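Q: Attaching a single structure in structure tokens format; questions to follow.
The values are calculated or read from the model by the stated rules, or taken from the named source; none is laboratory data. Values in this document were obtained by computation on a predicted structure and should not be read as measured data. Note that we place each Cβ from the backbone using ideal geometry, even for glycine, and neighbour counts take in every protein chain shown.
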Amino acid sequence: MEGKSRWLILIYRLPREPSRPRVAVWRKLKDLGALYLQDGVAALPEDAVTREQLEWLQLRIQEADGDATLWEGQPNTLVENKGLVEAFRTSREEAYQSIIARAERIQAKARLGGGEPLLTELAKLEREFRAERRRDYFRSPLRKEASEALKAARAAVREGGSSAENLSAEGGR
Amino acid sequence: MLWATRRGCHVDRTACAWLIKRFVDPEASFAFFKDPAEAPDEAVLFDVAGARLSHHGDDCSFETFLKEYSLEDPVLAEIAEIVHDADLMDEKYGRPESEGLDAIIRGMQLHLPDDGTLIRSTEAIFDGLYTYLAREAL
């Protein structure tokens, strides 16, 4: 049974206008994988990295004439903690599903002899996966599936690439 | 001179400590605090919210150091891009080294929880990065 974990809660308010800082803060929180509990209230599990990132974000909000306080704490009950962990896992699913679908498409194209552009597309997707994994704080169950789909795609692209090379080498002779 | 920063150093602060020792103050000693209120009075603070040598606008602290001390070495400018991407994770410069550096320093931080030991150990990494990039830049 999981116990209660420690969380960081950023509570902030920014002026309506200009919208640029509001969007920048929202995007940064999204990049970090934070979950909005309410408008202007975002949660992240506590570790050295999330703490540091939120401290800088707090400073940026203050520099943009906003208010921000950073709190650490635990939900009152185990059930609430579990709900929060589940919400974090669920929030990553859509991204993993999209990665899996695109990896499968690359794999299918590689079998048809896709060549060089597929490798670039795959590298971009692998990069996206690593970013996703970094903000997947509670190991969403789809992580493994996404990782395996990418491995299969890479194997297919490599095979496809080497047979294409053989073909062109033969054609050159 | 005594330099002080927050505990739990990651890539920006380990890189700054290396920069201080190699390019700013070879005699530097370091202190680490949990709360800025505990910082020694005589210390120069770095990578602390509101300090001169800290994040400013888009810049991470390492970038601020280069500007504040007019360090115009092109190899340091490259290291600054890598540190920026690893620290702020915004892919501003798209440096592929940043992901590896981030993983290595995060791992070392877990392995060496004492910040003094950590920054002594990471010096070799930044020395190596500097030597490598200097060779590449030729």
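Q: Identify all residues within region A:12-45 that are surrounded by fewer than 16 Cβ atoms within 10 Å (Cβ to Cβ), assigned to a strand (DSSP E or B) and among the hydrophobic types (A, V, I, L, M, F, W, C); write none if there are none.
A: A:37, A:41
Q: Separate question: Mind telling me which of the residues A:50, A:69, A:77 ends up being under 17 Å from residue A:10 (Cα atoms) and surrounded by fewer than 18 Cβ atoms within 10 Å (Cβ to Cβ)? Break it down into steps so the answer makes sense when it comes.
A: Values: A:50 fails: surrounded by fewer than 18 Cβ atoms within 10 Å (Cβ to Cβ); A:77 fails: under 17 Å from residue A:10 (Cα atoms).
Sole residue among the options that is under 17 Å from residue A:10 (Cα atoms) and surrounded by fewer than 18 Cβ atoms within 10 Å (Cβ to Cβ): A:69.
Q: Can you pull out the residues in region B:82-138 that are among the β-branched types (Val, Ile, Thr) and under 13 Å from the mean Cα position of the chain (by Cα)?
A: The answer is B:82, B:83, B:105, B:119, B:122, B:125.
Q: Of all residues in region B:43-73, how many are at pLDDT 95 or above and outside any loop (DSSP other than H, G, I, E, B)?
A: Qualifying residue count for the region: 12.
Q: Then there is this: From the list B:22, B:13, pick out the single residue that is closer than 20 Å to residue B:134 by Cα, of a type in the set (Lys, Arg) and in a helix (DSSP H, G or I).
A: Checking each option against the conditions leaves just B:22.
Q: From the list B:40, B:36, exactly one residue is modelled with pLDDT under 95 and farther than 23 Å from residue A:63 by Cα. Which is it?
A: Exactly one residue qualifies, and that residue is B:40.
Q: OK, next. Would you say residue A:48 is within 14 Å of chain B (Cβ to nearest Cβ) and either more than 17 Å from the chain's Cα centre (by Cα) or under 25 Å from residue B:50 (Cα atoms) (or both)?
A: Details: within 14 Å of chain B (Cβ to nearest Cβ): yes; either more than 17 Å from the chain's Cα centre (by Cα) or under 25 Å from residue B:50 (Cα atoms) (or both): yes.
In short, yes.
Q: Follow-up question, since we're still on this one. Name the pairs: first residue in region A:55-75 and more than 11 Å from chain B (Cβ to nearest Cβ) and in contact (Cβ under 8 Å) with a residue 40 or more places away in the chain, second residue of a type in the set (Gly, Ala, Ser) and crowded, with 16+ Cβ neighbours inside 10 Å, Cβ to Cβ under 6 Å, at least 6 apart or on different chains?
A: Partner pairs satisfying both residue conditions: A:61/A:68.
Q: So which of A:132, A:93, A:145 ends up being assigned to a helix (DSSP H, G or I) and under 16 Å from residue B:99 (Cβ atoms)?
A: Numbers: A:93 fails: under 16 Å from residue B:99 (Cβ atoms); A:145 fails: under 16 Å from residue B:99 (Cβ atoms).
Only one candidate passes the filter, namely A:132.
Q: Please specify each residue of region B:1-38 satisfying the condition of being within 14 Å of another protein chain (Cβ to nearest Cβ) and free of Cβ contacts under 8 Å to residues at least 12 places away in the same chain.
A: Residue satisfying the conditions is B:35 alone.
Q: Can you report the number of residues in region B:86-105 which are over 15 Å from residue A:135 (Cα atoms), within 12 Å of chain A (Cβ to nearest Cβ) and in a helix (DSSP H, G or I)?
A: The total comes to 3.
Q: Being outside any strand (DSSP E or B), more than 22 Å from residue A:142 (Cβ to Cβ) and either away from chain B (no Cβ under 13 Å) or not aliphatic (A, V, I, L, M) (or both) narrows it down to one of A:83, A:113, so name that one.
A: Numbers: A:83 fails: more than 22 Å from residue A:142 (Cβ to Cβ).
None of the other options fit; the residue is A:113.
Q: Which of the residues that make up region A:116-136 are crowded, with 20+ Cβ neighbours inside 10 Å and more than 13 Å from chain B (Cβ to nearest Cβ)?
A: As a first pass, look at region A:116-136 and keep what is crowded, with 20+ Cβ neighbours inside 10 Å: A:118, A:122, A:125, A:129, A:136.
A:118, A:122, A:125, A:136 - these are the residues of region A:116-136 that are crowded, with 20+ Cβ neighbours inside 10 Å and more than 13 Å from chain B (Cβ to nearest Cβ).
Q: Quick test of your reading of the structure: residue A:40 fulfils all but one of (1) out of contact with any Lys or Arg (no Cβ under 7 Å at 6 or more places or on another chain); (2) of a type outside the set (A, V, I, L, M, F, W, C); (3) more than 13 Å from every other protein chain (Cβ to nearest Cβ). Name the failing condition by number.
A: Against the list (1) out of contact with any Lys or Arg (no Cβ under 7 Å at 6 or more places or on another chain); (2) of a type outside the set (A, V, I, L, M, F, W, C); (3) more than 13 Å from every other protein chain (Cβ to nearest Cβ), residue A:40 comes up short only on (1).
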